[in-house]
Amino acid sequence: MNAMSPSMTSMQRTLTTLGQQEPDRVPLFLLTTMHGAKELGLSIEEYFSRAENVVAGQMRLLQKYRGDCLYPFFYASIETEAWGGSTLFLPDGPPLCGPPVITCPEDIDTLQAPRVMESPCLQRVLETIRQLKERVGDTVPIIAVAISPFSLPVMQMGFDKYIELIYEQPARFERLMDLNIGFTVEWANAQLAAGATAICYFDPLSSTTNIPRELYLTTGQQVAKRAIGQIKGPTATHMASGRCLPIVADIADTGTAVVGVSMLEDLGELKAAAAKRVSLLGNLNGIEMRRWTPRDAEAHVKRAIAQAGRGGGFLLADNHGEIPWQVPEEVLLAIGDAVEKWGRYPLDWVDSWTDTA
Amino acid sequence: MDQQIAQFQEALESLDKLRADALFREALKENTPIQVVERLVVPTLVRVGQAWHDGTVALSQVYMSGRFCEELVERVLPPSDPDRKHQPRSAIVVLSDYHMLGKRIVYSVMRASGFELFDYGRMDVDELVERVLADKLRVLMISVLILPSALKVRDVCAKLKAVGAPVKVLVGGAPFLFDEQMWREVGADAMGSSAAEAVSIVEGWMGELQ
């Protein structure tokens, strides 16, 4: 496939790059969530209170910014809501997880996992996916989200208490993982059954930013192998800005198809480490993006494509898995323009490219 | 001492509490408690922090190292110890955010480095400004994880400046790491890219604040 070929659909483009081949252009996975509320003139809380809002928001964002996926992700703590937790809504940022549902390690002994079908909050997401699927059929990938069973306890019990649990209470850690794996698998498969194309398996705790590789191999990786092995569709393991270069091959061993990577690491090195076993998703700096000019956006898009675009196996996205509310429209439009301008295969311009980002 | 620091670092990073404890006790044989803090604990935590910044050590190791050092130092240098007294009045807070790990790490590393400081927990802008003025702080450390909270530091700094509060503001957390210009933009006096760097910055300020 090259520039002379007719345009592909977003789905064809994505599947081609995941097959480690070059599509017509680099797929753009612009992971916008809260921007849908801006489009509809709603508060973030109001926006996420109804499936119809998110469907309308996602469809508008898809058309406006020319991305290659729909992203029916509401917010991370919607999963802990299902476990009995609460969510704190902000006017200008991602909804936050309320107080932990596990207040002490002993709570784990009697903890029961919720059922997806009995959780109204999760049903709202499933309804969103169903409606999006009706709109786009098989032309645009619908990327749903499940927090990994290994990372979920950061919200269930707090980061510090969870780190202590991992190191100091292996039996309770194992019980919590058993419960969480059951929940995550059921949740991921329900989203796939509703029409999602793939599951973004958010697993930031497994990042080498957060735990050492040796610990990952005995904890996060084992959990991922068990969970991903039961998820009935492709997964993209996302590190949510965390580093992963030393464990890219280990992540590939879990059976995932894609790894979401950080701007803290070199995309070229990550691409070499991926060795065509997994595709890369990333790694634009969403925080800095807030103050980019259109020219900055173009330079950063060029750099990412130059470092990782050739040969396929690359989806351009931000590095966290969610574009911050503060990123202005003109930057997102400039990213789309830059992908259109510089993302067309073959990427001959890369040979003479110099980094201006 | 270089060799002891390397051994202590290795023990902390591998979570070998017994070994770290033994090395700490060994150092106490030839040094006073505050000397052990200054010559062994602080330099080691600086190295651990730098290693995290460089991507060779993980946050879980930083957290457990800080927590363990805090326990060791607490044992030999209780809060009432006169060696802890000659320092600017300081506090740490999580601003409009519910992610507490970063604050917990910095708090541990500060205390393991011999500092006493208030732990304000989580606060919003107005409550924080009132408390800073009431406590006559000289150093305020603000930890955040999400971008909206980082941008609210601007309101804190503006309000403190408006009343002429002689307090220095040190910020830290993911948004500041991902955008190195942001700490200046919000009006902070410095940004710590790790807990250990925060300690170094406050130590650097001590002379001018006393």
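Readers should treat all values here as calculations from the given coordinates under stated rules, not as data from a laboratory. As the structure is a computational prediction, the values presented were derived from the model and not from experiment. No Cβ is skipped: glycine too gets one built from the backbone with ideal geometry, and neighbour counts run over all protein chains shown.
Overview of values
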| item | result |
| --- | --- |
| Value of [θ]222 nm, deg cm²/dmol, for chain B, DSSP H segments ≥ 4, -39500 (n - 2.57) each, nearest 500 | -18000 deg cm²/dmol |
| Check: the stretch B:86-209 dipole with +1 on Lys, Arg Cβ and -1 on Asp, Glu Cβ, in debye | 180 debye |
| Net length gained if the chain between A:Asp266 and A:Gln21 were fully extended (0.36 nm per residue, minus Cα distance) | 86.1 nm |
| Average beta-carbon neighbours from other chains, 10 Å sphere, peptide B:52-60 | 6 |
| Residues B:Leu209 and B:Lys29, FRET efficiency given R0 of 51 Å [Cβ-Cβ distance, rounded to 0.05] | 0.90 |
| Calculated [θ] (222 nm, deg cm²/dmol) that DSSP helices of n ≥ 4 give over chain A, each run adding -39,500 (n - 2.57) | -13000 deg cm²/dmol |
| Cα-based helix-to-principal-axis angle, B:101-112 vs chain B, degrees rounded to 10 | 50 degrees |
| Dipole axis of the stretch B:116-210 (+1 Lys, Arg; -1 Asp, Glu on Cβ), positive-most option in B:Trp205, B:Leu133, B:Ala174 | B:Leu133 |
| Two-decimal ratio, the stretch A:1-150, of alpha-carbon radius of gyration to 2.2 N^0.38 Å | 1.22 |
| Inter-label distance for A:Ala249 and B:Val76, nm, one decimal - labels placed 7 Å from Cα along Cα-to-Cβ | 4.3 nm |
| A:Glu134 paired with B:Asp126, simple spin-label distance in nm, labels 7 Å along Cα-to-beta-carbon | 4.6 nm |
| Those trypsin sites (Lys or Arg not before Pro) in the stretch B:132-170 that DSSP places in a loop and that have at most 12 other beta carbons within 10 Å | B:Lys136 |
| q = 0.16, 0.25 Å⁻¹: log10 I(q)/I(0) that the Debye formula gives for the stretch B:77-168, counting C-alpha atoms only | -0.64, -1.29 |
| For A:108-121, mean number of other protein chain Cβ atoms within 10 Å | 0 |
| Sequence of B:Met110, B:Met206, A:Met157, A:Met117 once ranked by neighbouring C-beta atoms within 10 Å, starting from the fewest | A:Met117, B:Met206, A:Met157, B:Met110 |
| Extension gain, B:Glu180 back to B:Leu18 (0.36 nm per residue minus Cα-Cα distance, nm) | 54.5 nm |
| Exposure proxy ranking, count of Cβ atoms within 10 Å, fewest first, for A:Glu79, A:Glu164 | A:Glu164, A:Glu79 |
| Expected-Rg normalisation [2.2 N^0.38 Å, Cα atoms] applied to chain A | 0.95 |
| Filter on B:Lys103/B:Lys152; A:Lys271/B:Lys17; A:Lys133/A:Lys232; A:Lys341/B:Lys152 - keep pairs with C-alpha separation over 28 Å | A:Lys271/B:Lys17; A:Lys341/B:Lys152 |
| Efficiency of FRET from Cβ geometry, B:Lys161 and B:Thr56, R₀ 56 Å, rounded to 0.05 | 0.90 |
| Distance cut-off 22 Å, percentage of C-alpha pairs in chain B lying past it | 47 percent |
| Extended-chain gain in nm, criterion 0.36 nm per residue less alpha-carbon gap, A:Glu106 and A:Thr293 | 62.2 nm |
| Chain A: angle of helix A:170-194 to the longest principal axis, Cα-based, in degrees nearest 10 | 50 degrees |
| Which of A:Cys244, A:Cys104, A:Cys121, B:Cys157 has the fewest Cβ neighbours within 10 Å, and the rest in rising order | A:Cys104, A:Cys121, B:Cys157, A:Cys244 |
| Cβ-derived FRET efficiency at R0 51 Å, A:Glu174 paired with A:Glu330, nearest 0.05 | 0.55 |
| Counting DSSP beta bridges with both ends in the protein assembly as shown, the antiparallel % (nearest 5) | 5 percent |
